[in-house]
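Some notes on the structure that comes next.
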Amino acid sequence: MISFGKDIESDLIALYKSKKIGLEGNLLKVIKTTNKEFQQYLEEAKTKDQETRRKRLEVTKQVQSQNKDLIEGQAEKEKLMLELKEALAESEKLREVAVDDLETLQKKTQFELIGLIVKVALGAVSAICILTTILYLYVLSKGLDSKIIESTWSNMFGIILTNCFSIIGTIMGVKHITDSKESKESKK
């Protein structure tokens, strides 16, 4: 136990009364006195110290609670950022698949259109050839002058042959351009 002299006790009491500054902490537990006024001072200081400690404890608990909330919030934020990055990567993959599907669909449509054009062109040319051949055979069977029909029939087969090569060349050119474009895009 610790004892103070009467001068120190009276100085501590005067300091408390004038400036509200008193002793604090565990020191209050070990002070021993016979002075009733100083004993009352010690009791008030102990009460004030307990209040101050309680307030500090509340503040500490509040700060710890806020820190815990902040840590949990940070963890949630990081989790959301990771999920966002994964969703972005997934959407990029889906976009690439959609673009590839669209390109495939466009190529299929182009080839179907080319096929349709070729069929119609060959049908028209074939119909004209058949019609001209029937007309030529009719003229031959009737014994009529066949010079004009003969030259028309001959020219018709030349034109058909030329158109067939033209159509085949056009199809091959489109295929070559498409293949070249694909190889350039895959190199990028």
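None of the figures in this text is laboratory data; all of them are computed from the coordinates on show. The model shown is predicted, which means the values in this text are computed figures rather than measured ones. Positions of Cβ are generated from backbone atoms using ideal geometry, with glycine treated the same way; all protein chains shown enter the neighbour counts.
The table below gives the values:
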quantity	calculated
Potential lengthening between Leu15 and Ile171 on full extension [0.36 nm per residue; Cα-Cα distance subtracted]	45.4 nm
Signed unit charges on C-beta, dipole axis of the chain, positive-most listed residue Ile31, Gly73, Cys129	Ile31
Cubic angstrom per residue, convex hull over Cα atoms of the range 1-66	76
Listed residues Asn155, Asn35, Asn163, most fluctuating in the chain (Gaussian network, C-alpha, under 10 Å)	Asn35
Rg and Dmax [Cα atoms of the range 6-187; Å; Rg one decimal, Dmax integer]	51.9, 159
Dipole magnitude (debye, nearest 20) for the chain, charges at Cβ of Lys, Arg, Asp, Glu	560
Amide H contacts under 5 Å for Ile31, placed H, 5+ residues apart	Ile2
Spacing of the two label points (7 Å from each Cα toward its C-beta) at Cys129 and Cys164, in nm	0.5
Segment Ile8-Val99, length gained on full extension (0.36 nm per residue, minus Cα span)	23.8 nm
Per-pair calculated FRET efficiency, R0 = 25 Å: Met1 and Lys55 via Cβ, rounded to 0.05	0.30
Cα-projected label distance for Lys107 with Lys142, points at 7 Å along beta-carbon direction, nm	5.4
